[in-house]
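Undergrad: Please find one structure pasted underneath; my questions will follow.
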Amino acid sequence: MLKPATQQIINCLKLFNIDLDEQPNLTDLYGDLHNDSRLVSENDIFCAVIGHAQDGRKYIDKAIKQGAKLVIAECESSAEHGELELENGVYIVKFYQLNQHLFLLAKAYYQAPQNNMTMVGITGTNGKTTTSQLLAQMLNACNKPCAVIGTNGAGALNDLQPIENTTPGACELHQLLYRFNTKPVSESTSSTQLNETPFSYVAMEVSSHALAQNRVQADLFDIAIFTNLTRDHLDYHGSMASYGEAKKQIFTGDNSQVAVINIDDQQGKQWLENWTDFCSKKVTVKESINQTAWVYSRRITAEALVNYPYFVIAKNINHHGQGVSFVLVTHLGEVKITSPLLGDFNIDNLLAAISVLLIQGFPLDNIPNLVAKVTAIAGRMEATSATGFATAVVDYAHTPDALEKALQACRQHCQGQLYVVFGCGGDRDKGKRPLMAKAAEQYADVIVVTNDNPRTENEQSIADDIVAGFVTGFVAGFVEPKAKKISIVLDRKQAVLQTLNIAKAGDIVLLAGKGHEDYVVMPKYNAKGEVVGTEKLSYNERLVVRDFYQQQASAATPFNSETIHEAKV
């Protein structure tokens with residue numbers, strides 16, 4: 001895999017007032033920057049940062065044994081900044097506040113690859129993955145290669161590689177951007193090492209954690225999208241106000257970046273009402289230039305947006321068997337749109353992606369054709385069915401708002417009963433568990449509570465927290481109370497298969513929470529039965545669904561793959 005010349009770290013450190021008197025001999029070496037010692041290989045540079053959960057300095061010996069040729073170690077005193085030590089033949093450079101400056105150091109080392117691509121950052125509780133991938137699909141269709149970075153992986157849409165976090169840390173992020181931006185240097189270069197055509201765009205999901213921890217900076221993005229803010233991650237942020245402030249950090253506040261904001265969202269609306277004040281605080285010059293903001297909506301009319309010169313609106317929305325149709329109204333004119341995607345929230349996602357295309361100068365008249373060609377994202381309202389059976393919809397919804405919207409979308413297309421199978425993650429915000437129950441109870445006819453990455457928590461305890469949010473009460477098994485059918489089946493695969501077997505043609509079964517994931521995180525026990533950590537077990541809900549329909553179809557008739565289909569619900 002292509003790596004930069006290790007020697008250039010010498011000049012990069014000079015940017016931070018570190019001038020090495022005894023320069024390490026790094027000539028003719030090529031390596032990556034890593035702040036995770038497990039990823040270090042021969043000729044790499046290890047950045048030992050003092051992190052939120054780990055002190056990287058504890059792993060310096062391990063990194064050296066794995067081949068690190070230089071270590072940059074965070075120190076706690078500014079007086080130590082730039083000091084040099086030698087350990088096992090490897091130089092250790094002390095760097096004050098390395099964790100805070102790691103992004104800029106990585107940017108310098110990888111020669112700022114982001115400057116050669118249009119960077120689109122997308123933040124918000126829900127919609128990040130779908131918006132990024134819809135944008136990439138449409139840009140690719142225009143021969144503008146677009147990479148994505150996010151929950152489903154990083155790279156080209158047809159070749160996404162797994163990554164540990166939705167938003168990678170500074171080192172991993174710049175490695176990705178460096179390779180996205182690299183042209184082939186010879187015919188012998190492997191296509192797995194370099195892109196045949198460098199990407200001209202990157203659509204990147206930006207988590208609140210990454211923004212709060214300064215893993216990314218606002219000026220990375222040419223265009224910054226805010227989708228929405230609903231309850232999530234309060235175990236980390238503590239309050240909705242703190243959560244919102246973290247999301248807001250994606251905006252630069254000046255004219256180096258264009259903002260795209262969902263004005264239907266209460267948080268987005270509040271920011272826009274105080275946009276001038278926000279921009280003036282972000283920019284230090286006396287005569288600040290406000291950041292340009294585009295707004296999108298499916299609830300507000302163009303007449304109500306007189307204070308916003310740039311707008312993208314959906315009106316006359318019509319849900320139907322093939323998806324949804326609406327009139328796209330913008331400051332540039334209007335066109336009719338037909339999309340195969342399900343749900344109002346996917347209209348929101350489309351409006352955000354369309355905004356980027358218009359900002360980049362793509363003709364409005366081209367938009368309908370581009371939208372008509374988009375396909376559903378893996379594990380995002382992904383519908384499957386077979387003749388004579390209910391339709392299963394696999395979705396990643398794992399917040400109260402996302403579950404509510406997914407159920408609303410299914411209800412718009414459901415001819416029979418609407419089932420939902422869902423759980424809540426362990427070691428995460430417990431306050432959202434009864435809220436998930438309320439959303440399920442309000443919109444579903446039949447509810448099955450199961451697990452969803454319990455981690456170190458007891459599965460039954462999580463289910464009990466969810467059940468506490470139901471109003472109609474609970475009985476074990478599929479016994480019908482006065483108003484609802486509610487049950488607990490902790491084994492997720494059993495819950496899915498049991499529900500699919502009960503549901504009938506015309507019904508819809510929403511399987512919420514796992515989406516694209518191919519694992520479940522369970523408690524790990526020692527010999528005494530004590531929880532000692534977690535273990536990741538293989539579980540792919542999309543395959544469980546597909547296998548179910550294949551078995552049902554083959555039992556009724558000789559199996560034919562065409563019997564199974566992506567349903568238009």
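Undergrad: Quick one: is ALA468 hydrophobic (A, V, I, L, M, F, W, C) and modelled with pLDDT under 95?
TA: Values: hydrophobic (A, V, I, L, M, F, W, C): yes; modelled with pLDDT under 95: yes.
Taking the combined requirement at face value, the residue satisfies it.
Undergrad: Next question. So GLN111 fits all but one of (1) of a type in the set (S, T, N, Q); (2) within 20 Å of TYR178 (Cβ to Cβ); (3) open to solvent by less than 10 Å² (accessible area, probe 1.4 Å); what number is the exception?
TA: Failed condition: (3).
Undergrad: Could you check, for segment 147-159, whether at least one of its residues is open to solvent by less than 10 Å² (accessible area, probe 1.4 Å), modelled with pLDDT of 95 or more and assigned to a loop (DSSP other than H, G, I, E, B)?
TA: Within segment 147-159, none of the residues are open to solvent by less than 10 Å² (accessible area, probe 1.4 Å), modelled with pLDDT of 95 or more and assigned to a loop (DSSP other than H, G, I, E, B).
Undergrad: Next up: Please work out which residue is nearest to the chain's Cα centre (by Cα), limiting yourself to segment 364-423 and to residues that are crowded, with 22+ Cβ neighbours inside 10 Å and among the polar types (S, T, N, Q).
TA: Per the stated criteria, the residue is THR399.
Undergrad: Return the pair list, or none, for Cβ contacts closer than 7 Å from residues in segment 240-256 that are closer than 16 Å to ASP222 by Cα and open to solvent by 10 Å² or more (accessible area, probe 1.4 Å) to residues that are hydrophobic (A, V, I, L, M, F, W, C) and at pLDDT below 90, at least 6 apart or on different chains.
TA: Filtered contacts from segment 240-256: GLN249/LEU211; ASP254/CYS279; ASP254/VAL283; ASP254/ILE289; ASN255/ILE289.
Undergrad: Among the residues of segment 526-568, which ones are aliphatic (A, V, I, L, M), modelled with pLDDT under 95 and either part of a loop (DSSP other than H, G, I, E, B) or out of contact with any Pro (no Cβ under 9 Å at 6 or more places or on another chain) (or both)?
TA: ALA527, ALA553, ALA555, ALA556, ILE564, ALA567
Undergrad: State whether one or more residues within segment 267-283 are assigned to a loop (DSSP other than H, G, I, E, B), open to solvent by less than 10 Å² (accessible area, probe 1.4 Å) and farther than 29 Å from MET381 by Cβ.
TA: Scanning segment 267-283 turns up no residue that is assigned to a loop (DSSP other than H, G, I, E, B), open to solvent by less than 10 Å² (accessible area, probe 1.4 Å) and farther than 29 Å from MET381 by Cβ.
Undergrad: Right, something else. Please specify each residue of segment 1-60 satisfying the condition of being under 27 Å from the mean Cα position of the chain (by Cα), assigned to a loop (DSSP other than H, G, I, E, B) and of a type in the set (Asp, Glu).
TA: Scanning segment 1-60 gives ASP32, ASP36.
Undergrad: Considering only segment 428-470, state which residues are part of a loop (DSSP other than H, G, I, E, B), open to solvent by less than 10 Å² (accessible area, probe 1.4 Å) and more than 17 Å from LYS524 (Cα to Cα).
TA: Matches in segment 428-470: ALA444, THR450, GLY469.
Undergrad: Separate question: Would you mind telling me which numbered condition in (1) at pLDDT below 95; (2) over 25 Å from the mean Cα position of the chain (by Cα) GLN498 fails?
TA: (1)
Undergrad: Could you look through segment 471-489, keep only residues that are closer than 19 Å to VAL509 by Cα and of a type in the set (D, E, K, R), and pick out the one that is modelled with the lowest pLDDT?
TA: Taking segment 471-489 as the starting set, the residues that turn out to be closer than 19 Å to VAL509 by Cα are 477-480, 483-489.
If we keep only those that are of a type in the set (D, E, K, R) as well, we get 480, 484-485.
Numbers: GLU480: 45, LYS484: 64, LYS485: 89.
It comes out as GLU480.
Undergrad: Next question, about the same structure. Looking at segment 490-515 only, could you name the residues that are in contact with a Ser or Thr (Cβ under 7 Å, 6 or more places away or on another chain), of a type outside the set (Lys, Arg) and either within 18 Å of THR384 (Cα to Cα) or buried (at least 22 other Cβ atoms within 10 Å of the Cβ) (or both)?
TA: The answer is ALA495, ILE508, VAL509.
Undergrad: Please list, ordered by first then second residue, the pairs with beta carbon atoms under 8 Å, 6 or more apart or interchain, first in segment 361-386 and without any contact (Cβ under 8 Å) to a residue 60 or more places away in the chain, second part of a loop (DSSP other than H, G, I, E, B).
TA: LEU364/LEU332; ALA372/PRO340; MET381/LEU341; MET381/LEU342; MET381/GLY343
Residues are listed down the side, and each one gets a yes or a no for (1) open to solvent by 20 Å² or more (accessible area, probe 1.4 Å); (2) among the aromatic types (Phe, Trp, Tyr); (3) within 26 Å of the chain's Cα centre (by Cα):
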{"site": "ASN318", "(1), (2), (3)": "yes, no, no"}
{"site": "ASP344", "(1), (2), (3)": "yes, no, yes"}
{"site": "ILE347", "(1), (2), (3)": "no, no, yes"}
{"site": "VAL356", "(1), (2), (3)": "no, no, yes"}
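The values are calculated or read from the model by the stated rules, or taken from the named source; none is laboratory data. Values in this document were obtained by computation on a predicted structure and should not be read as measured data. Heads up, the Cβs are rebuilt from the backbone with ideal geometry, glycines too, and the neighbour counts pull from every protein chain shown. These area figures cover heavy atoms from the full protein model, side chains too; ligands, DNA and RNA do not enter into them. Shrake-Rupley method; radii C 1.70, N 1.55, O 1.52, S 1.80 Å.
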